[in-house]
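Nothing in this text is a laboratory measurement; each read-out follows from the coordinates by a stated rule. Computed from a prediction, not measured in an experiment: that's the story for all the values here. FYI the Cβ positions are ideal-geometry reconstructions off the backbone, even for glycines, and counts take in every protein chain you see.
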Amino acid sequence: MGGVMEEEVVRRFLRRFLEKFPAPLGSEDPLPLNPLSRKVSLDELRGESLDLGLRLLNTRDAPSTLNAAMCHAALAELLKADLSPFHLPQEAEQQQGEEQEVVLLQSEPVQRLFLNKLREVGVAWHQNLPSPLPVGPSRFLMCSAHAIRNTRRKMEDRHVTLPDFNTLTGLKDGVERGYYAVFDGHGGVDAAIYAATHLHVNLSQQEGLQSDPATAFKTAFTRTDDMLRGKAKRERLRSGSTGVAVLLQGEWLHVAWLGDSQSMLVRRGQDITLMDPHKPEREDEKQRVEDLGGCIIFMGCWRVNGTYAVSRAIGDFDQKPYVSGDADCSSTRLHGDEDYILLACDGFFDVVRPAEVPALVLGVLREQGECPGALEGAGCEEVSEGVLGERVAQELVAHAKAAGSSDNITVMVVFLRPPAQLLLQDQSNTAVATEGSAQE
């Protein structure tokens, strides 16, 4: 029965998709969504095409696994095509530089071709469903994410949720993976957008991803930073971004980070430290900067050479190597009793201590759990919009704002057990504690 229902889900979506995309885009037809760049290198084509495809499909209410599978299939077809008609002439400045030649493509026409490939995949699958079907639940049960600009003039945060990391990137080694990341930009949003678009693609291309994930993660950060350096030089971009990324790989949780965005784990209601954020005032970071000939100065907050308030970041090339692009990574084995992982930018962690998080999350779950039928995922108005736990990130962001944060705030909660199970466990613990008090 499940297989029949899954087939119907796929057929229904493909039918709706083709109704809205009845014919290929012509050379003069506008794109339904703007691409991220006007010019794209061959190295950037994968990330930018996948980003465009996911943005388009995510508006169509399809299962995330199906979205990922279609984007991967369309990208594979795009990369087989002759892209030479889209090549741009090499610019004079680039010709005079010492770097190796970078082939640049016109983004709009090449992305028009990608979207037509995406449509071709939809047509082919509508006529003959792929086997196995690219749908089905991930063991990464739910991710609650929310972000606000707050009182800042611009929103410079970006976040990425990829429960179907393998499907999107084409990995078929039998190890289940989910990827989640938060990027906090400064001096503009370009670096944060770039990292959110390319880091996971670079990570998927590391040969040692399964055998040595820490090195793979660090290399992916370095590769992303190097790619951004080329784009920043070509387009005169000036910005930077901290970043924290989580890879759930089999029974392991791997966290890599640059700067002061953070991730934490909660296991049976207790907060577990996964990392030490890079801040200029951290003694080893201060020593590293000073050994390079730089300095840490207090100007409202501690700053590297009196400029940036972070000591490691993607971008910020005017302050490299003082602002380092070298990521750190930690690995934690999961035992099945973990509740969730939380990722957030400093707009959250500057006003909320990690030790406060478990009680805050339980408070939201309790409030929702008071609705009739909430533990079954349906009931009163608050729960009818989705399953229990969906609003957790939104409430955490609201709490941080009320606590005095004026920065951009992004919070992501990746549940490792069903929220209903966490609430039942809390209710059981409360009942035991109440019974114990009564006996005393």
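With R₀ fixed at 35 Å, the C-beta to C-beta distance from D326 to Q210 puts the FRET efficiency at about 0.95. The alpha-carbon of K286 sits under 22 angstrom from the alpha-carbons of these lysines, leaving out residues fewer than 8 places away in its chain: K218, K320.
Each label was represented as a point 7 Å from its Cα along the Cα-to-Cβ direction; for K20 and E251 these points are 4.2 nm apart.
Helix-derived [θ] at 222 nm for the chain: sum -39500 (n - 2.57) over DSSP H runs of at least 4, divide by residue count, nearest 500? Walk me through the numbers before you get to the answer.
On the way: 14 runs with 183 residues, N = 440.
Theoretical 222 nm ellipticity from helices: -13000 deg cm²/dmol.
With 30 Å as the limit on Cα-Cα distance, the pairs of K39/K154; K117/K154; K80/K231; K231/K401; K233/K401 that go past it are K117/K154; K231/K401; K233/K401.
Treating each Cα of the chain as one equal point scatterer and applying the Debye formula with no solvent, the log10 of I(q)/I(0) at q = 0.11 Å⁻¹ comes out as -0.93. Principal axis extents of the Cα atoms in segment 143-285, from largest to smallest and rounded to whole angstrom, are 42, 39, 33. Annotation for F298 and E281: the two label points, set 7 Å from Cα along the Cα-Cβ direction, are 0.7 nm apart.
Round to the nearest 0.05 the FRET efficiency obtained for A359 and D337 when R0 = 25 Å and r is the Cβ-Cβ distance. Kindly include the intermediate steps, with their values, before the conclusion.
Working: r = 18 Å, r/R0 = 0.74.
Given R0 = 25 Å and the Cβ-Cβ separation, E is 0.85.
Over the chain, what is the relative contact order in percent, taking alpha-carbon pairs closer than 8 angstrom and at least six residues apart?
Details: 768 pairs, mean separation 68.5, N = 440.
Computed over the chain, the figure is 16 percent.
Rounded to the nearest 0.05, the FRET efficiency derived from the C-beta distance between E8 and L33 at R0 = 30 Å is 0.60.
Let me check I have the definition right: for segment 2-127, take the eigenvalues of the Cα gyration tensor, multiply each by 5, take square roots. What are those semi-axes in whole Å, largest first?
Calculated on Cα positions only, the semi-axes equal 32, 14, 11 Å.
A simple spin-label model places pseudo-atoms 7 Å from Cα toward Cβ; at Q127 and R152 they are separated by 4.8 nm.
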